[in-house]
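The values are calculated or read from the model by the stated rules, or taken from the named source; none is laboratory data. All figures in this text were calculated on a predicted structure; none of them were measured in a lab. Neighbour counts run over all protein chains shown; Cβ positions are idealised from the backbone, glycine included. With ligands, DNA and RNA removed, areas are computed over all heavy atoms of the protein, side chains included. Shrake-Rupley method; radii C 1.70, N 1.55, O 1.52, S 1.80 Å.
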2 protein chains.
Amino acid sequence: MLGNPQTAFHVSTRGEYGMRLMVDLARHWQQGTVSLHAVASREDLPEAYLEQLVAVLRKAGLVNGKRGAGGGYTLARDPSAITAGDIVRALEGPIEPQICTAEGDPVLNCIREQDCGTRAVWVKLQSTIAQALDGMTLADLAKEKVTVA
Amino acid sequence: MLGNPQTAFHVSTRGEYGMRLMVDLARHWQQGTVSLHAVASREDLPEAYLEQLVAVLRKAGLVNGKRGAGGGYTLARDPSAITAGDIVRALEGPIEPQICTAEGDPVLNCIREQDCGTRAVWVKLQSTIAQALDGMTLADLAKEKVTVA
DNA sequence: GGATTTCCGAGCACTGCACTCGGAATTCTA
DNA sequence: TAGAATTCCGAGTGCAGTGCTCGGAAATCC
């Protein structure tokens, strides 16, 4: 797979592959564990790389792993209780267009000015992105054809 | 200035500095040209680096440059006719969380599946981000205290 | 005991970011 | 007309993150 050209607000393959993986797990929810091998071949993704990503998702408490023959992964909770935001944040880091808009840390730095005009841009962006991502659950995405408003 | 830690949907200093620069130009709109030196010292940004960024903005038709003593830059059009989206797109590239959501190219690739569930996530994001950025003009941002909903 | 599968750490090539530097070309002012 | 100011241009550098691969240990099932 390739690296992507320069684009703003780009989600790297970490987020993309991770999302595909999680949707796949959601589709097999309550059907026992799913091996990475199965996911990788279904989604046509590099298995060894997925291993890295799923490790992060496990540490974030989004999936459970079970070792050994017949083992694999399952979602740690109901698909309706996991959002796209959870996944993106786990794999790509917190949603903060700029440092001065750190999530949960409302009035952090902006060293030079208190009310720099540009801050409004990043604050707006941060909330707008977070709302969009946190509003979509795996349950929604696991449906065959999705139409999000 | 530093590089930033890993965050999702991160705007690099290109976008950040560029926005500060453009807001500064907007504040001095119709007061003649503004030299990069002035902007750099007012905004506390590395002048040589700004030079690179402003070159891109000029090629994108957002600013005009005038050489020589007393020269400098001016916005190429009225602040109300330049949006945050214009600036970000010029400096950081098009807004496309994933390739399959390329702006203006609605149903591009998504090689494997037509209706992959995850696509909905990136499509929604793309439009949500674009709307937010395209809805803010330099005229808005140039005001002293900004409160965007 | 052997197959399967998760878990873990290391390593590597490539790209973009965040700058700096040196030097041209242009324009104003004294 | 000299010189200062300023844009314009291309090259180069160090660092960090991306997108992988590989080898091997530990667990679990048959």
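Values computed for the structure shown
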read-out: Per-residue SASA entry for B:K143, accessible area with 1.4 Å probe, Å² rounded to 10; value: 120
read-out: Packing-based order for B:17-28, A:122-133, A:26-37, using average beta carbon neighbours within 10 Å, highest first; value: B:17-28, A:122-133, A:26-37
read-out: Sequence of A:V39, B:V56 when ordered by accessible area, the most exposed leading, probe 1.4 angstrom; value: B:V56, A:V39
read-out: Nearest-first distances (nm) between copies at B:G32, label 7 Å from Cα via Cβ; value: 8.1
read-out: Accessible area buried between chains B and A, both sides summed, probe 1.4 Å, in Å² to nearest 100; value: 4200
read-out: Residue of chain B nearest the B-to-A rotation axis [by Cβ], rounded angstrom distance; value: B:F9, 2
read-out: Estimated FRET transfer efficiency (B:E47, B:S127; beta-carbon r; R0 35 Å; 0.05); value: 0.45
read-out: Cα gyration tensor category, rounded, prolate or oblate, for region A:30-92 with a/c compared to 1.5; value: oblate
read-out: Candidate lysines for bridging to B:K143, where Cα separation is under 19 Å - those fewer than 8 sequence places away on the same chain excluded; value: A:K124
read-out: Label 7 Å beyond Cα on the Cβ vector: A:Y49 copy-to-copy distances, nm; value: 3.0
read-out: Nearest-first distances (nm) between copies at B:Q6, label 7 Å from Cα via Cβ; value: 2.3
read-out: 11 Å beta-carbon shell around B:Y73, net charge (K/R +1, D/E -1); value: +1
read-out: Average partner coverage of B:119-130, which counts Cβ from other chains inside 10 Å; value: 6
read-out: Partner chain coverage, peptide B:12-24 - average Cβ within 10 angstrom; value: 3
